[in-house]
Ligand SMILES: [Fe+2]
Ligand SMILES: [Fe+2]
């Protein structure tokens, strides 16, 4: 059997629908990639055509954000709804990381780029399974509730723009995760739900890395093209990100991830002005 290329393995993950199966395959492919790296015989990156939208299970039903019921985290049902939304984000994140691997192979990148996103995809797979385990321990499961339909929009919008993808996905959306996770940790601490608390702490620690990889490779590509990273970041976020950048920001973790305040604050200020005008 000939060894598949990394791009082919990415497409295999993207075209697997079931969450547990998708993440098991993601983990298996990541292990194959890193074993080959360690042996000094890295897999070929290759080329493959990722689907415009990844395969997804029949459930959860995907609804527009307006129609997804509000979560009140004070009750066990509210906490289940919150975790269900997190599981959905994690499953999307698995696909987002394999998608960036397969989608932009026309731009030759250092092998470290692939190491970073394969590692991230593997971590997201673990996050999804940890949260699914928590949901199941609370007598629920991923698919029991409706979920957000718009989650893949950023990927579709930036399917033809590598720098745009890096700006919007790791440097805006995943950075937002760093802002909101401490509040979620607090909720589960108060509810004394230890299993979830431990899962969220792992997620919080590892997500800093994903934002850092985004910032690293965004700066790398800007350097290669002799672009000013901050100006380009502002232009791309304005072009591709259609909702608001809202404070409070987790400035400490954002800094740890290589995201300085002059990247995101001016965009947040613009949002404030726009809202005021309306
Ligand atoms: Fe994650
Ligand atoms: Fe992530």
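List of remarks:
- You will find that of 245, 200, the residue that is in the same structural domain as residue 267 (by TED's automatic domain parsing), at pLDDT below 95 and within 27 Å of residue 94 (Cβ to Cβ) is 245 and no other.
- Odd one out for residue 177 among (1) within 16 Å of ligand 2 (Cβ to nearest atom); (2) in a loop (DSSP other than H, G, I, E, B): (2)
- Within the stretch 91-121, considering residues that are surrounded by fewer than 24 Cβ atoms within 10 Å (Cβ to Cβ) and within 11 Å of ligand 2 (Cβ to nearest atom), the one nearest to residue 5 (Cα to Cα): 119
- Under the condition of being without any contact (Cβ under 8 Å) to a residue 60 or more places away in the chain and surrounded by 14 or more Cβ atoms within 10 Å (Cβ to Cβ), the residues counted in the stretch 59-74 number 1.
- Comparison of 156, 107, 90, 123 shows that the only residue that is assigned to a helix (DSSP H, G or I) and either within 22 Å of residue 264 (Cβ to Cβ) or more than 16 Å from ligand 1 (Cβ to nearest atom) (or both) is 156.
- Counted residues, the stretch 60-94 - those being closer than 21 Å to residue 158 by Cβ, touching a helix residue (DSSP H, G or I) at 6+ places or on another chain (Cβ under 6 Å) and modelled with pLDDT of 95 or more: 5
- Residue 127 surrounded by 20 or more Cβ atoms within 10 Å (Cβ to Cβ), in the same structural domain as residue 97 (by TED's automatic domain parsing) and within 16 Å of ligand 2 (Cβ to nearest atom): yes
- Residue 232 vs. criteria away from ligand 1 (no atom under 14 Å from the Cβ), at pLDDT 95 or above, in a helix (DSSP H, G or I) and within 28 Å of residue 128 (Cβ to Cβ): no
- Single residue of the stretch 136-149 satisfying the filter (surrounded by fewer than 22 Cβ atoms within 10 Å (Cβ to Cβ) and under 30 Å from residue 32 (Cα atoms)) that is farthest from the chain's Cα centre (by Cα): 136
- Members of the stretch 29-55 found to be farther than 19 Å from residue 107 by Cβ, assigned to a loop (DSSP other than H, G, I, E, B) and more than 22 Å from the chain's Cα centre (by Cα), listed by number: 39, 40, 41
Here's the yes/no breakdown for (1) surrounded by fewer than 15 Cβ atoms within 10 Å (Cβ to Cβ); (2) away from ligand 2 (no atom under 16 Å from the Cβ); (3) free of Cβ contacts under 8 Å to residues at least 40 places away in the same chain:
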| residue | (1), (2), (3) |
| --- | --- |
| 196 | no, yes, no |
| 212 | no, no, no |
| 224 | yes, yes, yes |
| 231 | yes, yes, yes |
| 241 | no, yes, no |
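- Residue check, residue 118 out of contact with any strand residue (DSSP E or B) (no Cβ under 8 Å at 6 or more places or on another chain) and more than 24 Å from residue 22 (Cα to Cα): no
The values are calculated or read from the model by the stated rules, or taken from the named source; none is laboratory data. For clarity, every value in this text was computed on a predicted model and none was experimentally measured. Neighbour counts run over all protein chains shown; Cβ positions are idealised from the backbone, glycine included.
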